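J.: After the structure tokens below, expect a handful of questions from me.
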Amino acid sequence: MDIEIRPEDQPFADEVQRWLDEHLVGEFAEHRGVGGPDDPAAWELRLRWEKKLSAGRWLGLTWPPEYGGRGATLSQAIIFEYLYARAQAPYRLGVQGQDLFGPTLLMFGTPGQKARFLPKILAAEEFWGQGFSEPDAGSDLASVRTRARLDGDDWMIDGQKIWMTFGTSADWLYVLCRTDPRAARHRGLSLLIVPARQPGVEIRPVTNMLGDGGFCEVFFTAARTRADLVVGAPGDGWKVAMAALGVERGTLLIPQQLGFEREAEHVLELARGRAGATGLSHRLVDAWIAVRLMRVTTLRTIGELVAGREPGAQAATSKLYASVQHQRLLELATELLADDMTVTGGGYALKALQRAFLLSRAETIYGGSSQIQRNIIGERVLGLPREPRPGSTGG
Amino acid sequence: MDFLFTDEQLELRATVRDFLAGKSAEETVRRLMATEAGYDPRVWRQMSDQLGLTGLAVPEEYGGAGFGYVELGIVFEEMGRALLCAPYLSTVALATEALLRCADEAARRDLLPGLAAGRTIGTLALLEKPGRWDEAGVQTRASRTAAGWVLDGAKRHVQDGHIADLIMVGARTPAGVGLFAVDGAAPGLTRTSVPTLDQTRKQANLEFAGTPARLIGDDADGWRVLRRVLDTAAVLLAAEQVGGAFRAVEMAAGYARVRVQFGRPIGSFQAIKHLCADMLTEAEAARSAAYYGLWELAADSDDVPLAASLAKACCSQAYSRIAGDAIQVHGGIGFTWEHPAHLYFKRAKACEAMLGTPGYHRDLLAARLGLRSARGMEA
């Protein structure tokens, strides 16, 4: 079972495969599949890899050539992601810029903003951090309190953000701020572009349960950015932020889900070698089924996207399904490892499966928690009424 | 392989859905499930004559339309959605498929045109003990006599066995398992209708006592054919299950939108909303499973057995769970005879057992994936 490559895309696919064959060698080949959306493992190596990708013009494939892209078709971009994931090339560090902020700026940015920021993203020279969540605004994103007000030619920003992936490596932040304190919730928000390295911005790693510093909290104390560095119009921040999250919920998870297949095969291999695994055989089968279904579901969505059709409901349910099933797979893997699972290397050095097991707990939280996903599926796909808000009269 | 329906396939779906909306509405289902035959011969004739559904995937040389498994799967999905009462699965997925897969050209020429035209209702009689879908479960004896082959034994849970004109039978020959064709009116054949939990689909027990039968293909080649028939039918049944599951999700969500308790539509409560979201998520996974099976069938891939067991295990479980959850969302009214929720719930249960339970197919998959010894089962 594979994606179908149309004849007109075959030369492109061949080019991708040739490039991967030639470049995914040496230290990169030794680090196949390294990293993940919030896993900073092998940072320096991945940075070197990303520079190679940039030199080969493989980043931002669909972006216009004037910003460093190739103006490639969606179908080609998907072929690239698919072959990239199949080759187990390192997970890209610049996802925030390449796959979230960049596409958002392409939709809403001014020509000047695009010319200034997009080429640096594709050159792997500038990295981005997402400043959306706050300690008191997680799933309820519209309640952000970080404030920005115009002070001469600058915005002046005060507040706090959290869960910024790879924040300590960010050069620029895109920050959802309240710019009109009198407007209600969703109105009065703006998405600002803020330089990360300035006295008013303090970025501190938050140690996650692996003992790693994959994400950060950010404190803004009279931080400054130029008045024109707002994406979309002031007050349009909600719309712009939702578009960015729409990207996140769309095709971004495809390579990750394809990566689960290798993990599942590894788990089956573990099971074949273990006497105690017989009692787990149906659960192992279910885990294998789930991973295969993720692939089929992905291929259904890809097929629709490439054909220019609106993706079906499976595109809305796939994040919920994949994240929950991936957790089950890793729970099973750890059960198979049994007592081996209970020890680590020195300095809390975790085995690959231990890392994956612990990291998987974040998958049902980031990018819209499973509970938010169920709200979205219920309301947008099944047409169920929203929950009335306290104090509001409407439904 | 292209994981996308063509415009023609989408059109076929719309046509079949339209047709069934008129011919298999809930009151029709209720009327037919109370009859002994269990189907409406006039609608059956329209299905074959106007829409060409009985011969959809039969090659043109045998009187069919020459479409493939993906088209057939679309039709099954729509029939499952509409709870159609008709001997379609038995005729098309079992009898027709057995003839298509056999190595007996003469039998194909003799028997397929009638099935394709909807003039012959067919079925497969294989099961003898509950849950035994494997080769060793075939104990009915086939003996060669001066007058030809005769069968002795008993088959149970034969879908539409009470009305079938043509019964394909798996039976043990001196050389192995053979595939046989038996006329529904053959001497020495006793058919007993058995009341069914899912009244929308009928079963019979068949007894063979020196019943004359026509050997199809080689007398040791039957299991090769039957195994493929079981895989194919499992995938098509999975598509039917997906159709029913989606209808159950729609019913539940539709009710949750309008039923008001505590001054609010119950669908605005997350307890109900999230349950409905989980139902849809599982239904979409099941749809991927069924489509995976269809696409592997269409490609005639080596992975058909794997995909078939995956589809049957996954879709069986999904349909049963979703149909049960749909009753839950409806509350008390969902537990009544008057409400259609139980029709789906019972169809789901019957489909779950047919052609092997989820547990049986997980066992097969475990063996195929090397997770347990294949002893006592085929892998």
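The values are calculated or read from the model by the stated rules, or taken from the named source; none is laboratory data. What you see is a predicted model; the values in this text were computed from it and never measured. Every residue, glycine as well, gets a Cβ built from its backbone with ideal geometry; the counts of neighbours run over all protein chains shown. Ligands, DNA and RNA are stripped out before the accessible areas are found, and what is left, the full protein with its side chains, is counted by its heavy atoms. Shrake-Rupley method; radii C 1.70, N 1.55, O 1.52, S 1.80 Å.
J.: If you scan region A:299-329, which residues turn out to be open to solvent by less than 20 Å² (accessible area, probe 1.4 Å), facing another protein chain (nearest Cβ under 8 Å) and within 21 Å of the chain's Cα centre (by Cα)?
T.: Residues satisfying the conditions are A:Leu299, A:Arg300, A:Ile302, A:Gln314, A:Thr317, A:Leu320.
J.: Would you confirm, using the coordinates I've provided, whether A:Ala333 is buried (at least 21 other Cβ atoms within 10 Å of the Cβ), touching a Phe, Trp or Tyr at 6+ places or on another chain (Cβ under 9 Å) and in contact (Cβ under 8 Å) with a residue 12 or more places away in the chain? Walk me through how you get there before you give the answer.
T.: Numbers: buried (at least 21 other Cβ atoms within 10 Å of the Cβ): yes; touching a Phe, Trp or Tyr at 6+ places or on another chain (Cβ under 9 Å): yes; in contact (Cβ under 8 Å) with a residue 12 or more places away in the chain: yes.
Taking the combined requirement at face value, the residue satisfies it.
J.: Go through region B:166-189 and count every residue that is in contact with a helix residue (DSSP H, G or I) (Cβ under 6 Å, 6 or more places away or on another chain) and surrounded by fewer than 15 Cβ atoms within 10 Å (Cβ to Cβ).
T.: Within region B:166-189, residues that are in contact with a helix residue (DSSP H, G or I) (Cβ under 6 Å, 6 or more places away or on another chain) and surrounded by fewer than 15 Cβ atoms within 10 Å (Cβ to Cβ) number 0.
J.: Can you pull out every residue in region B:321-361 that is open to solvent by 40 Å² or more (accessible area, probe 1.4 Å), among the aliphatic types (A, V, I, L, M) and either under 14 Å from the mean Cα position of the chain (by Cα) or within 14 Å of chain A (Cβ to nearest Cβ) (or both)?
T.: Selection gives B:Ala353 alone.
J.: Being open to solvent by less than 30 Å² (accessible area, probe 1.4 Å) and either at pLDDT 90 or above or within 8 Å of chain B (Cβ to nearest Cβ) (or both) is the filter here, so list the residues in region A:284-298 that pass it.
T.: Scanning region A:284-298 gives A:Leu284, A:Val285, A:Ala287, A:Trp288, A:Ile289, A:Ala290, A:Val291, A:Leu293, A:Met294, A:Val296, A:Thr297.
J.: Follow-up. Of the numbered conditions (1) open to solvent by less than 20 Å² (accessible area, probe 1.4 Å); (2) free of Cβ contacts under 8 Å to residues at least 24 places away in the same chain, A:Asp39 satisfies every one except a single condition; which is it?
T.: Of (1) open to solvent by less than 20 Å² (accessible area, probe 1.4 Å); (2) free of Cβ contacts under 8 Å to residues at least 24 places away in the same chain, only one is false for A:Asp39: (2).
J.: Just a yes or no: is a residue in region B:143-161 in a helix (DSSP H, G or I) and over 16 Å from the mean Cα position of the chain (by Cα)?
T.: No, because not a single residue in region B:143-161 is in a helix (DSSP H, G or I) and over 16 Å from the mean Cα position of the chain (by Cα).
J.: Checking the structure you have, find out if any residue of region A:332-355 is among the polar types (S, T, N, Q), within 14 Å of another protein chain (Cβ to nearest Cβ), over 14 Å from B:Leu280 (Cα atoms) and assigned to a helix (DSSP H, G or I).
T.: no
J.: Filter region A:360-392 for residues that are hydroxyl-bearing (Ser, Thr, Tyr) and in contact (Cβ under 8 Å) with a residue 12 or more places away in the chain; which is nearest to the other protein chains (Cβ to nearest Cβ)?
T.: So the residue we want is A:Ser370.
J.: Here's another thing I want to ask about it. Sort out which residues of region B:145-158 are open to solvent by 20 Å² or more (accessible area, probe 1.4 Å), touching a residue at least 40 places away in the same chain (Cβ under 8 Å) and not β-branched (Val, Ile, Thr), and write them in order of number.
T.: Passing the criteria: B:Ala147, B:Gly148, B:Trp149, B:Asp152, B:Gly153, B:Ala154, B:Arg156, B:His157.
J.: Another question, if that's okay. Does A:Glu50 fit the bill of being in contact (Cβ under 8 Å) with a residue 40 or more places away in the chain and of a type in the set (Asp, Glu)?
T.: So A:Glu50 fits the description; yes.
J.: Also, I was wondering about something else. Taking into account only those residues within region B:256-281 that are closer than 25 Å to A:Ala315 by Cβ and polar (S, T, N, Q), which is surrounded by the fewest Cβ atoms within 10 Å (Cβ to Cβ)?
T.: Restricting to residues being closer than 25 Å to A:Ala315 by Cβ and polar (S, T, N, Q), the top hit is B:Gln270.
J.: Being more than 7 Å from chain A (Cβ to nearest Cβ) and open to solvent by 10 Å² or more (accessible area, probe 1.4 Å) is the filter here; which residues of region B:294-320 pass it?
T.: B:Trp295, B:Ala298, B:Ala299, B:Asp300, B:Ser301, B:Asp302, B:Asp303, B:Pro305, B:Leu306, B:Gln317, B:Ser320
J.: Looking only at region A:11-35, count how many residues are part of a helix (DSSP H, G or I) and buried (at least 17 other Cβ atoms within 10 Å of the Cβ).
T.: 7
J.: Please give the helices (runs of 4 or more DSSP H) falling wholly within region B:1-78 in which 3 or more residues are outside the structural domain of B:Leu197 (by TED's automatic domain parsing), among the charged types (D, E, K, R) and under 27 Å from B:Pro195 (Cα atoms).
T.: B:26-33
J.: Another question, then. Would you confirm whether any residue within region B:235-250 is touching a strand residue (DSSP E or B) at 6+ places or on another chain (Cβ under 6 Å) and buried (at least 19 other Cβ atoms within 10 Å of the Cβ)?
T.: No: zero hits.
J.: Any idea which residue in region A:262-283 is modelled with the lowest pLDDT, counting only those that are open to solvent by less than 50 Å² (accessible area, probe 1.4 Å), over 28 Å from the mean Cα position of the chain (by Cα) and within 8 Å of chain B (Cβ to nearest Cβ)? Walk me through how you get there before you give the answer.
T.: Filtering region A:262-283 down to residues open to solvent by less than 50 Å² (accessible area, probe 1.4 Å) leaves A:263-264, A:267-268, A:270-271, A:277, A:280-281.
Then drop every residue that is not over 28 Å from the mean Cα position of the chain (by Cα), which leaves A:270-271, A:277, A:280-281.
Then drop every residue that is not within 8 Å of chain B (Cβ to nearest Cβ), which leaves A:271, A:277, A:281.
Working: A:Ala271: 90, A:Ala277: 64, A:Ser281: 89.
Here the residue is A:Ala277.
Quick grid of which residues meet (1) modelled with pLDDT under 95; (2) assigned by TED's automatic domain parsing to the domain that holds A:Ala264; (3) not in a loop (DSSP other than H, G, I, E, B):
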{"position": "A:Glu310", "(1), (2), (3)": "yes, yes, no"}
{"position": "A:Ser318", "(1), (2), (3)": "yes, yes, yes"}
{"position": "A:Gln327", "(1), (2), (3)": "no, yes, yes"}
{"position": "A:Leu359", "(1), (2), (3)": "yes, yes, yes"}
{"position": "A:Ala362", "(1), (2), (3)": "yes, yes, yes"}
{"position": "A:Ile365", "(1), (2), (3)": "yes, yes, no"}
{"position": "A:Glu387", "(1), (2), (3)": "yes, no, no"}
{"position": "A:Thr393", "(1), (2), (3)": "yes, no, no"}
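J.: Would you confirm whether any residue within region A:67-82 is open to solvent by less than 10 Å² (accessible area, probe 1.4 Å) and modelled with pLDDT of 95 or more?
T.: Yes, region A:67-82 contains at least one residue that is open to solvent by less than 10 Å² (accessible area, probe 1.4 Å) and modelled with pLDDT of 95 or more.
J.: Hey, can you tell me all the residues within region B:247-293 that are basic (Lys, Arg) and facing chain A (nearest Cβ under 9 Å)?
T.: Matches in region B:247-293: B:Arg257, B:Arg264, B:Lys273, B:Arg287.
J.: Hey, can you tell me all the residues within region B:118-142 that are of a type in the set (Ser, Thr, Tyr) and assigned to a loop (DSSP other than H, G, I, E, B)?
T.: Across region B:118-142, the qualifying residues are B:Thr120, B:Thr140.
J.: Which ranges mark the strands (runs of 3 or more DSSP E) fully within region A:135-198 that have 2 or more residues being touching a Pro at 6+ places or on another chain (Cβ under 8 Å) and open to solvent by 20 Å² or more (accessible area, probe 1.4 Å)?
T.: Hits in region A:135-198: A:154-165.
Every residue, every condition in (1) under 20 Å from the mean Cα position of the chain (by Cα); (2) among the aromatic types (Phe, Trp, Tyr), yes or no:
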residue	(1), (2)
B:Leu10	no, no
B:Ala14	no, no
B:Arg17	yes, no
B:Glu27	no, no
B:Arg31	no, no
B:Thr35	no, no
B:Trp44	yes, yes
B:Gln50	no, no
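J.: For region B:1-32, what are the residues that are open to solvent by less than 50 Å² (accessible area, probe 1.4 Å) and within 27 Å of B:Ala98 (Cβ to Cβ)?
T.: Correct list: B:Gln9, B:Leu12, B:Arg13, B:Val16, B:Phe19, B:Leu20, B:Ser24, B:Leu32.
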